[in-house]
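Trainee: Attaching a single structure in structure tokens format; questions to follow.
The values are calculated or read from the model by the stated rules, or taken from the named source; none is laboratory data. It should be emphasised that the depicted structure is a prediction, and the values quoted were computed from it without experimental measurement. Cβ atoms come from the backbone with ideal geometry, glycine included; neighbour counts cover every protein chain shown.
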Amino acid sequence: MKQPFTKEHKTYLSTLKRKSALIVSAQVGLLLVLLAMWETATRIGWLDPFITSSPTRIVKALKEMITDQGYLHHIGVTLYETLLGFVIATLLGTAVAVGLWWSAAASKIFEPYLVVLNSLPKIALGPIIIVWLGTGLKSIVFMTVLVTVIVTVITMQNGFAATEKSKIFLLLSFGASKWQIFTKLVLPSSLPTFVSALKINVGMSWIGSIMGEYLASKAGLGYLIVYGGQVFKLDLVMAATVTLCALAGAMYFAVALLERLLRAKR
């Protein structure tokens, strides 16, 4: 039977809710103020709406694009490329991190290569990727994986290495195998790191897919942005960018929801 909350506890929870509502209100209010300032600046001539667009022009462009079935196709293409690259990079990066944790020698051998690959501007490999895989889905997904996988490896490797040594020694003293240590201790203790890696990968995967679409695509939001810039349809560019922000935000909140579910089960 659950114990009823005390008066002090209820007051504390009520205060937390008020603070949370205040923060959300401030966030929404700040966004509305910035949009109002942007719109006002274009109307009074401080900004050229042809160059910078404006909130009302973006909304108008979005309405026109939503009624066009081709726009939904572009959204679907980019979303599919991003999610596919996200899943592949997360699974592959985690698997590599497990292998590096398993073998200390391999970790030391590959560490400098990981550092170099992580610092390498991936877009510099774009022409090579196009030659290897051609234009289209394969090259874009490969670019997404390339941008995301190294970050996943480094993040998960650091999470595995952060497991308390004293607990590992304790399990070893009881005769636990390396597999038992990993599954019973290292992996569960690294769940917060895994969720953090997922949050990072959300942004990295969107960067990778849009970079890939800039280089080699015939559809997608990145393609629309490039096309809009080439023909000076900046309202189209801004509308596609707003769509990207909305999709990335939704994907991030999905990961945050997963984090809450995992915390509730612990």
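Trainee: Return the residues of the stretch 47-100 that are modelled with pLDDT of 85 or more and among the polar types (S, T, N, Q); say none if nothing qualifies.
Mentor: Within the stretch 47-100, Ser54, Thr56, Thr78, Thr82, Thr90, Thr94 meet the criteria.
Per-residue answers, yes or no, for (1) over 18 Å from Thr144 (Cα atoms); (2) charged (D, E, K, R); (3) touching a Ser or Thr at 6+ places or on another chain (Cβ under 6 Å):
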position	(1), (2), (3)
Val195	yes, no, no
Trp206	no, no, yes
Tyr214	no, no, no
Leu221	no, no, yes
Lys233	yes, yes, no
Ala239	yes, no, no
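Trainee: Select, from Ser190, Ser217, Ser166, Ser177, the only residue that is of a type in the set (Gly, Ala, Ser), within 29 Å of Ser139 (Cβ to Cβ) and assigned by TED's automatic domain parsing to the domain that holds Trp101.
Mentor: Values: Ser190 fails: within 29 Å of Ser139 (Cβ to Cβ); Ser166 fails: within 29 Å of Ser139 (Cβ to Cβ); Ser177 fails: within 29 Å of Ser139 (Cβ to Cβ).
Only one candidate qualifies: Ser217.
Trainee: Considering only the stretch 191-204, I want to know if a residue exists there that is more than 16 Å from the chain's Cα centre (by Cα), hydrophobic (A, V, I, L, M, F, W, C) and surrounded by fewer than 19 Cβ atoms within 10 Å (Cβ to Cβ).
Mentor: Yes.
Trainee: Looking at Val33, Val115, Val77, Val96, which one is over 21 Å from Ser205 (Cβ atoms), assigned by TED's automatic domain parsing to the domain that holds Leu146 and either surrounded by 14 or more Cβ atoms within 10 Å (Cβ to Cβ) or among the β-branched types (Val, Ile, Thr) (or both)?
Mentor: Going through Val33, Val115, Val77, Val96 in turn, the sole match is Val115.
Trainee: Can you report the number of residues in the stretch 89-111 which are closer than 18 Å to Leu187 by Cβ and free of Cβ contacts under 8 Å to residues at least 24 places away in the same chain?
Mentor: Keep residues of the stretch 89-111 that are closer than 18 Å to Leu187 by Cβ, which gives 90-104, 107.
Still in the running and free of Cβ contacts under 8 Å to residues at least 24 places away in the same chain: 91, 95, 99, 103-104.
Going through the stretch 89-111 one residue at a time, the tally reaches 5.
Trainee: Turning to a different aspect of this structure: I'm told Gly45 meets every condition in (1) touching a Phe, Trp or Tyr at 6+ places or on another chain (Cβ under 9 Å); (2) small (Gly, Ala, Ser); (3) on the phi > 0 side of the Ramachandran plot except one. Can you identify the failing condition by its number?
Mentor: Only one criterion is unmet by Gly45, namely (1).
Trainee: Could you list all residues from the stretch 48-89 that are farther than 24 Å from Leu224 by Cα and of a type outside the set (Val, Ile, Thr)? Lay out the reasoning, then the answer.
Mentor: Going residue by residue through the stretch 48-89, those that are farther than 24 Å from Leu224 by Cα are 87-89.
The answer is Ala89, and nothing else.
Trainee: Report the residue count in the stretch 40-59 for those that are over 22 Å from Gly249 (Cβ atoms), assigned to a helix (DSSP H, G or I) and not hydroxyl-bearing (Ser, Thr, Tyr).
Mentor: Final tally of qualifying residues: 5.
Trainee: Also, quick follow-up: Residue under question is Ser14, and the condition is that it be modelled with pLDDT under 85, among the polar types (S, T, N, Q) and not assigned by TED's automatic domain parsing to the domain that holds Ala246; does it hold? I'd like the intermediate steps shown before the answer.
Mentor: Details: modelled with pLDDT under 85: yes; among the polar types (S, T, N, Q): yes; not assigned by TED's automatic domain parsing to the domain that holds Ala246: yes.
Criteria met by Ser14.
Trainee: Out of all the residues in the stretch 66-117, which are among the hydroxyl-bearing types (Ser, Thr, Tyr), farther than 20 Å from Val149 by Cα and in a helix (DSSP H, G or I)?
Mentor: Answer for the stretch 66-117, where residues must be among the hydroxyl-bearing types (Ser, Thr, Tyr), farther than 20 Å from Val149 by Cα and in a helix (DSSP H, G or I): just Tyr71.
Trainee: Show me the helices (runs of 4 or more DSSP H) entirely contained within the stretch 168-266 in which 2 or more residues are without any contact (Cβ under 8 Å) to a residue 12 or more places away in the chain and among the basic types (Lys, Arg).
Mentor: Numbers: elements: 178-181, 191-215, 221-230, 234-265.
Hits in the stretch 168-266: 234-265.
Trainee: Quick one: count up the residues across the stretch 128-167 that are over 30 Å from Pro188 (Cβ atoms) and either out of contact with any helix residue (DSSP H, G or I) (no Cβ under 9 Å at 6 or more places or on another chain) or free of Cβ contacts under 8 Å to residues at least 40 places away in the same chain (or both).
Mentor: So the answer is 7.
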